[in-house]
């Protein structure tokens, strides 16, 4: 039978693919790199009497004559094209790979705080508009030329002229860039901007002027000359990237001599190759069940760190009955977030703080805590007059049930499971959630049409989440609950409350750290009380590697182990 | 008559046996399953134990109970989708076979188009536009597999429409609708039954494939969905595939095989063309009246040739 034969064949094919997936990924053995060069001295940062100066990088251990070269294979999932600032594909790991080859003026340290790097010090004028950066004088391009202030000026102007969203937006407003000498850059902004040290200073790579100045079409540039700790020595499209250590790197020669990054598209294959030792690390995060599995392997280590990405239950605060604070509170009280973490994340996560901030955030007020209390939830609903009079297990008022559709992305099995557990939990207090899985674009079209909260919304309740950066900067809390769509551009649930608006307006203009902290705490208390959303959990980041191959990885808060510092052990910016 | 034909086909009997087992499982799920599969009854990712014979899934639900309840969803999808497919397929087959002019041409080209539609890209699109729920899945599968039955039925109609009793009915002034329903439809019903069983088998397999790829309804506990979660939660890496992937795989195989074997057996017994091949051996002995191999097998049609009820 034609149709059924075709599908039997398809099933067999899928089976075969699964088997092949367990087989070897095709990575050719690496050639031995040249013997490590003589120990390079770490740059001596000249001391200057300013607030922000670079501490002296400690000397990397001098390689002995007998030291075996460290070759490392770290798998990625997709091709990142020719690695230049205009062609790399993904923010992660593409940008991180770019940063092996290029350098930034500042660097995010292990706590994700910007610290001096190529710029050994920086000064900000009292009005916050003028940045004066002093560059190190010993930073060389891979071709031996010296990196100077002219390269910095050229790069920022190039980004301004040739659009690449990530790098262009932060430099667009720069009024002027002056280079009084080879190691000084003076950047003038139209207004104070506390984000400027993150982007572009710790984000946009510096490009060599002598390579790029005659390039009109940045996408066609294949010359990957940078100043970073690695040189890109070979790139085979859809196959692998090969990086060699830059022996003359200003912060010391990286501890890995050759880094091979094979492209393996299937995560299952990546982890089975890791088990067999064909690769020694991967940029891919471990899911909880694998973290559990790999934790017990003797020759591997799972490095775990806090994740700031959130998973939450979002109410449409403009639609009955979710517009009632007590109903939202009752839902929050009915959900045991610790149980969610234990079940869905197998314990690899932190239960949600109802006030939004991760408990490890410096701004978090420990007094704000989640509460799981079924009896209290029931009392709240009783108080509103919701009673189950027809004994169907669902409370109603004037014949109208408390019920709603709970939307969830169909491509996110973890969230679907969480949604199912939540539906079961609220059933206990007489609320009915009908879990409906929607394809990503369809769900976004209902919850956040055109990614513009001013365009309204059409849903009851939805599983939702924000990425880590929203969590890192507490000022962004105003965006989550402010009713003016221009300010509350992340207020996807359409929550409205004059008190929240007032607090948000204040928070947005406050620069004094102490005052900011107080406002953030007030905001946290307000969110926990009003529950425009129920914060369910923050999943941990888990990364696995083989310890015998290389074990000096640095977990950068919110960013994981694939960063420049992981290859420069002992260097603390 | 169907039963007599089946009795002589051991593979068909095996198919029937498998199907009865599935049906019992689906209907009696409440009594057979040890747990409610939607309730958390153990720790997540538990290996098989006395309490959970096939272990637990990623949120601590009993996999054995999921499997047993899964028979309901899979059979429901299979049977409903096949019903849709056969309703469309039979109608198109009848019309295309009877009206051989431009209308028939257009219909058959439509059939050709449907036959070559690639499922997966279409499902991705439909999932986006219609939403991923059980009923959409059934409708889509039904709308995609009617072409084959339509072709088989049309070829039978082509031969039926040339019979004397049909010509006679037409000569006697019977309207097309009357001829189609009273004289031709009964001649293809048995064939449609075999096609129905085969379509059910395809539907179950398609549903399993789509659900495994995450294009089904992930909130329904079908066998394909169990596989979807097993894959999504890395059962292939952790060794859990032994109790999380193989059992649903076997269930899908068993039900598809059951329907397919029964379908082939029925087709062989009821499709006059296939029967013609068999006729040289056993069939002639039991039905000596059949001289022309392509004569309709259904006795009801023979009665109709009398024109008595025109």
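The values are calculated or read from the model by the stated rules, or taken from the named source; none is laboratory data. All values reported here derive from a predicted model rather than from experimental measurement. Heads up, the Cβs are rebuilt from the backbone with ideal geometry, glycines too, and the neighbour counts pull from every protein chain shown.
Summary table
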quantity: Some residue of the stretch A:160-170 being in contact (Cβ under 8 Å) with a residue 12 or more places away in the chain and in contact with a strand residue (DSSP E or B) (Cβ under 9 Å, 6 or more places away or on another chain); calculated: no
quantity: Qualifying residue in the stretch A:394-411 (condition: part of a helix (DSSP H, G or I) and either closer than 18 Å to residue A:533 by Cβ or within 14 Å of chain B (Cβ to nearest Cβ) (or both)); calculated: no
quantity: Selection from the stretch A:424-445 of residues that are farther than 21 Å from residue B:233 by Cα and either assigned to a strand (DSSP E or B) or within 10 Å of chain B (Cβ to nearest Cβ) (or both); calculated: A:424, A:432, A:433, A:434, A:441, A:442, A:443, A:445
quantity: Given (1) touching a residue at least 40 places away in the same chain (Cβ under 8 Å); (2) surrounded by 17 or more Cβ atoms within 10 Å (Cβ to Cβ); (3) closer than 28 Å to residue B:77 by Cβ, number of the condition residue B:131 does not satisfy; calculated: (1)
quantity: Residue A:262 being part of a strand (DSSP E or B) and in the same structural domain as residue A:85 (by TED's automatic domain parsing); calculated: yes
quantity: Sole residue being touching a helix residue (DSSP H, G or I) at 6+ places or on another chain (Cβ under 6 Å), touching a residue at least 12 places away in the same chain (Cβ under 8 Å), in a helix (DSSP H, G or I) and within 23 Å of residue A:420 (Cβ to Cβ), chosen from B:96, B:26; calculated: B:26
quantity: Among (1) at the interface with another protein chain (Cβ under 10 Å from one of its Cβ atoms); (2) assigned to a helix (DSSP H, G or I); (3) touching a helix residue (DSSP H, G or I) at 6+ places or on another chain (Cβ under 6 Å) - the single one residue B:191 does not satisfy; calculated: (1)
quantity: Options A:387, A:378, A:455; residue that is in contact with a helix residue (DSSP H, G or I) (Cβ under 9 Å, 6 or more places away or on another chain), more than 14 Å from every other protein chain (Cβ to nearest Cβ) and touching a residue at least 40 places away in the same chain (Cβ under 8 Å); calculated: A:378
quantity: Qualifying positions in the stretch B:12-52 - surrounded by fewer than 18 Cβ atoms within 10 Å (Cβ to Cβ) and within 14 Å of chain A (Cβ to nearest Cβ); calculated: B:36, B:38, B:39, B:41, B:43, B:47
quantity: Residue B:163 being away from chain A (no Cβ under 14 Å), touching a helix residue (DSSP H, G or I) at 6+ places or on another chain (Cβ under 6 Å) and in contact (Cβ under 8 Å) with a residue 60 or more places away in the chain; calculated: no
quantity: Residue match in the stretch B:62-84 (condition: outside any helix (DSSP H, G or I) and either at negative phi or buried (at least 17 other Cβ atoms within 10 Å of the Cβ) (or both)); calculated: yes
quantity: Residue that is farthest from residue A:532 (Cα to Cα) [pool: residues in the stretch A:472-493 that are surrounded by fewer than 21 Cβ atoms within 10 Å (Cβ to Cβ) and over 20 Å from the mean Cα position of the chain (by Cα)]; calculated: A:486
quantity: Qualifying position, being surrounded by fewer than 24 Cβ atoms within 10 Å (Cβ to Cβ) and at pLDDT 90 or above, among B:243, B:223; calculated: B:243
quantity: Selection status of residue A:452, at pLDDT below 95, within 27 Å of the chain's Cα centre (by Cα), exposed (fewer than 14 other Cβ atoms within 10 Å of the Cβ) and under 19 Å from residue A:319 (Cβ atoms); calculated: yes
quantity: Search result, residues across the stretch A:288-320 that are out of contact with any strand residue (DSSP E or B) (no Cβ under 8 Å at 6 or more places or on another chain), buried (at least 21 other Cβ atoms within 10 Å of the Cβ) and part of a loop (DSSP other than H, G, I, E, B); calculated: A:317
quantity: Residues located in the stretch A:247-260, provided they are within 19 Å of residue A:120 (Cβ to Cβ) and crowded, with 21+ Cβ neighbours inside 10 Å; calculated: A:249, A:250, A:251, A:252
quantity: Count - residues of the stretch A:119-145 that are touching a residue at least 24 places away in the same chain (Cβ under 8 Å) and under 24 Å from residue A:248 (Cβ atoms); calculated: 15
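Every residue, every condition in (1) modelled with pLDDT of 95 or more; (2) away from chain B (no Cβ under 14 Å); (3) under 27 Å from the mean Cα position of the chain (by Cα), yes or no:
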| site | (1), (2), (3) |
| --- | --- |
| A:285 | no, no, yes |
| A:292 | no, no, yes |
| A:307 | no, yes, yes |
| A:313 | yes, yes, yes |
| A:318 | no, yes, no |
| A:328 | yes, yes, no |
| A:345 | no, no, yes |
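To keep it simple, each residue is scored yes or no on (1) outside the structural domain of residue A:295 (by TED's automatic domain parsing); (2) in a loop (DSSP other than H, G, I, E, B); (3) over 19 Å from residue A:357 (Cβ atoms).
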position: A:525; (1), (2), (3): yes, no, no
position: A:529; (1), (2), (3): yes, no, no
position: A:534; (1), (2), (3): yes, no, no
position: A:549; (1), (2), (3): no, yes, yes
position: A:554; (1), (2), (3): no, yes, yes
position: A:558; (1), (2), (3): no, yes, no
position: A:566; (1), (2), (3): no, no, yes
position: A:571; (1), (2), (3): no, yes, yes
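Residues checked against (1) in contact with a helix residue (DSSP H, G or I) (Cβ under 8 Å, 6 or more places away or on another chain); (2) closer than 27 Å to residue A:104 by Cα:
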{"residue": "A:482", "(1), (2)": "yes, no"}
{"residue": "A:497", "(1), (2)": "yes, no"}
{"residue": "A:505", "(1), (2)": "yes, no"}
{"residue": "A:512", "(1), (2)": "no, no"}
{"residue": "A:522", "(1), (2)": "yes, no"}
{"residue": "A:525", "(1), (2)": "no, no"}
{"residue": "A:532", "(1), (2)": "yes, no"}
{"residue": "A:536", "(1), (2)": "yes, no"}
{"residue": "A:563", "(1), (2)": "yes, yes"}
